[in-house]
Structure formats: structure tokens, C-alpha cells
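Input: a single structure, listed below in C-alpha cells.
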Amino acid sequence: MLMSDCGSDYKDSRSSEGDGRNQLVDSTDIATAKLTLVVEEMNFCEEKIVLIRNCEFFQALYRSGMKECHQEEIHLSCLHAGGFLFMLDVFRGKSPAIDGDSLVQAIECAAYLQVASLTKYLIDLIDSDNCLLMFHSAAIFGLMDLYYAAAHFIRDMYPDLQEEVKVNLPAELVLFVEALRPSVLVAVGAHVTCGSGETVHAASRTVCYLDENLNEWRMLTDLPPEASTFMSGVTVFDNKLYIICGVQGVHKEVVQSCFCYSVDSNTWDHIVSPSQLRYNFSLVGVDGHLYAIGGEYDRTLMSSVEVYDIKAGQWEFAAHLPRPAAAAACTKTLSRIFVCLWRPTETTEIYEYVSRVDEWRLVTKLIRRQSYGHCIVGHTDNLYVIRNGPSDDFLRCMIDCFNLSSQQWTSLPGHFANSKGDLFTAVVRCDSVLTVNRSLTLEYVIGGKIWKTRRQMKGFPRSGSLWTFLLRLPKMTS
């Protein structure tokens, strides 16, 4: 976005000091100075350094040498006060409520001032009620990250939104959505190499996806011969599948090889292994990084956490978990990472990893009787903890919901039968959650404090542990 698109008279206001474009003007003063911003006749007095750190617009301004660099007051005539106030709340770590008008104004502000944190916040707010407005507004203001995120959300809910889309969106936006690839449910079982160059039956070493139109599981790709999905870290990020470490052979030797599968090229690539080899750990991807959380090595529980910078191709250690844990239930929502640490047999503690300060913070505790196992999924500001019932009723899956905004627990009514006695896996797609075990695949519509069964499909026909995730497949495959 050009700076001339917003502001009073920036276009022709360069001072004679404009040659130092790569350095902040009066950087010593900026560290402590405040700036008054006038938006729709409302005055906002903010620290310059906060604006510079969060807005590309102000970063460019204070490197430009323009006369506005030395002013104590700047008029932003192109913005609405509601959107600007919304942005400031996000800067302060608040979670501002949003309606139609404030949503459009916030998108306008994020686009004109180039505010990555506000854009990210808006992406996390996309739901079935606002996705069309998000998409259309992002198209108008050129906020491309939000534009693509909202378009993909609409594509994944297209059967439900198709009529509304065609009534409320311009034809070119409808065509764009329809050209996108929808996400599909993908699964892989826990399989190992035998350690001697031989592998278990080839048919079981495949990654499969659910063709929902035909209600059939179909093969996507074979696992690499050296890869193990037994006690490994498996996750999808940016439409790529990652398999990290794991074990192989009868003596459960740690697998050092790590792999990344690209859907678009249908190829597997090696990636560098963590500094601390591990198995039976949790793996989750957020903001361009993979987090390998806890696990075991040499039959010893670990609390260590390593972070893989996908762009740089490097691992580095992060803050340890509060205590050692293996196979801890883990999820992400609102671009935040949460992990369940279970103290058998009654107490579940949920911690959040706060990346900006590199620490784990206790969010809440849940005390419930259960027999074994956890699964946790996040949807908007709700965390759903799925657990097997107590020992006298362990074939039932019970679900409790923790709301991050209200800090309150509620129990979902009813129970979720699990005839095999195994905890199913679950993955969120838009406003639905897909649960999978060997018997069946169920789609539930998430309605806050209730899950409503929508449809039933075939279960994944493999025994043992199971990984499930979403991928956008090429048209030739789907």
C-alpha cells in the first residue's frame, strides 16, 4: 500500500533530510516520545515506538525524512475511528468484540497502515457468520492475507454457503472461490520400519484421504521407506505434511530421519533432525514454526521443547514444559498453542506456550474421573477436551469445553460412543469437527457448548493409533 493512500499531504512533503531512509529519524527521541493521531476528529495519544513496531506505515514514515517525522500531531483522514481503536486494542493484547461496521473499519485500518498483528487477529476471527464480509472487504482494501484466508474458509463450507455466496458476492469473487481446492480429511496409521531394510506390509504404509462424495478412503501417497509414524511427531502446516523422528524395529530404536511431504509436487524431502532426538511427543505448527513438545528418549520422559524454523531450516530449544510428558494432547487455536498435562487419574492441566516471552503459562485445571487418554481440539476461543469415561464406563467419550474469554468450563451434554474402546482423533474444519476411528468417521457441527451430529462416513480401516489432519489436494487427486 502506498503511503500516499493514507494521510494528509505525505506525497510531496519530503524534507532535505530524506536521504537517510534506512534509519529512524530522531531515533533517540522516538523511544520515549508520544504522537497524537487525529482520526475522525478523535485524538489518540500513543507512543511512537509502539506504532513503529506494529505498523509498516509508521516504520516507513519515520525512515523517510518527511516533515511529519517531526510533528507532534498527524491527521489520518482516510481512516475511521472505530477501526483505529480496534487496532489499538489488539496492540494492547485485548480481544475486542466485533460487528459488521467495526469489522470493515478494522480491515480498512489493517490495510492502510499495514498492520500484520491486526490482520492475523482478523484471520483468527473468521467464521461462518462473517466470512463473506471478511472476503469482500479484504478484496476492496487489498488485504491479501485475509482475502485468501477468508476465501479458503468459504471454499471449505461451500455446500452450506453456496446460495448466499452467489447472492452477496460479485461474480469475480465467486469464480475465485470456486477455483480453489477444498481441504480434505487425511489419515495415516502408526507404522514402523523393521530396522533391517524390510518394512511392514506396503498397503499399511500409505497416507490416505477420505473422498467424501464417494464415502471411500483412497490412497494419496506411500510413506518413505525410512519413515516411521510409530511414536513420531506428525502434523500439517502450510499444506505440507511433516513426520519427525519416531521409533523403528523390535527394540524401538529412535528414527533420526525426518520428512516433509509436498502435496503440490507429490514428493518427500528430508529435513534436518532435532538436536534432541525423541519419540512419543507432540508436534504442532504455528506462525512458520514447528514445535516438538516433550516426549521420550531412551525410555526417559522429557520436558524439553524444540522449535523448527521452517524458512531457515533450523531447530532451537524453547522453554521446557512445566514437567516431563509423553504423548501430551496438544492443539492450536487463535494462533496459540495449548497442551494438556494429565495427572492420573483425575486432574488435567492446560498450559499455553507464549512465544513472545518463551514460557509456558497455566491456563486452567479440570478435575474429572477418566480411565485413560486425552484428545484436545480448539475452535475460535473454545478448547474441547475429549476423554474416555471412568473405568466402569470407558467406552464412552466425554467432552468438556473451556472458553478462553470467559475462563469457564462447561460439559457438553450426552456422550460420544466409542465401540472399540479407543480414543478417536479429531480435527476442526471451519465450524465442524471430524472425528475418526476404525469404525466410523463422524462430522459434528460445533455450536459453542454443543456438538450436533451432521453426517456419518466410513471409518479409517486400519488398526492401531491414527493421525488425522487436513490437506488441500490437487484437482487431479481429489
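The values are calculated or read from the model by the stated rules, or taken from the named source; none is laboratory data. All figures in this text were calculated on a predicted structure; none of them were measured in a lab. Here the Cβ is made from the backbone with ideal geometry for all residues, glycine too, and neighbour counts use every protein chain on show. Heads up: the accessible areas ignore ligands, DNA and RNA and are worked out on the full protein's heavy atoms, side chains in. Shrake-Rupley method; radii C 1.70, N 1.55, O 1.52, S 1.80 Å.
Some values worked out for this structure:
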| quantity | calculated |
| --- | --- |
| Approximate spin-label separation Ala97-Thr300, in nm, with each point projected 7 Å along Cα-to-Cβ | 5.2 |
| For region 424-478: rounded, prolate or oblate by the Cα gyration tensor [a/c cutoff 1.5] | oblate |
| Accessible heavy-atom area order of Glu296, Glu41, highest first, probe of 1.4 Å | Glu41, Glu296 |
| FRET efficiency, Asp309 to Arg368 (Cβ-Cβ, R0 41 Å, nearest 0.05) | 0.65 |
| Residue-by-residue Karplus 3J(HN,Hα) for region 49-55, coefficients 6.51, -1.76, 1.60, Hz, glycine and proline x | 5, 5, 5, 5, 5, 10, 10 |
| Portion, in percent, of the accessible area of the chain that falls on carbon or sulfur, probe 1.4 Å | 48 |
| Where region 219-260 is the region considered: accessible area per residue in Å², 1.4 Å probe | 39 |
| Heavy-atom SASA rank of Met42, Met157 (probe 1.4 Å, accessible area, largest first) | Met42, Met157 |
| Cα-based convex hull, region 54-115, per residue volume (Å³, whole number) | 83 |
| Cα long-axis angle, helix 144-156 against the chain (0 to 90 degrees, to the nearest 10) | 40 |
| Label-point gap, in nm, between Lys67 and Val167 - each point 7 angstrom along Cα→Cβ | 5.3 |
| Where labels lie 7 Å past Cα in the beta-carbon direction, separation of Gln407 and Cys78 in nm | 4.1 |
| Extended-chain gain in nm, criterion 0.36 nm per residue less alpha-carbon gap, Val50 and Asp211 | 53.1 nm |
| Exposure rank, largest accessible area first [Asp309, Asp222, Asp431, Asp145; 1.4 Å] | Asp145, Asp222, Asp309, Asp431 |
| Percentage relative contact order, region 242-361, counting C-alpha pairs under 8 Å, at least six apart | 16 |
| Cα-based helix-to-principal-axis angle, 131-141 vs the chain, degrees rounded to 10 | 40 |
| Linear extension gain, Gln59 paired with Asp287, 0.36 nm per residue minus alpha-carbon span | 79.9 nm |
| Cα gyration tensor shape for region 260-313, rounded if a/c is under 1.5, else prolate or oblate | prolate |
| Anisotropy class of region 18-173 from Cα gyration tensor, a/c 1.5 cut | prolate |
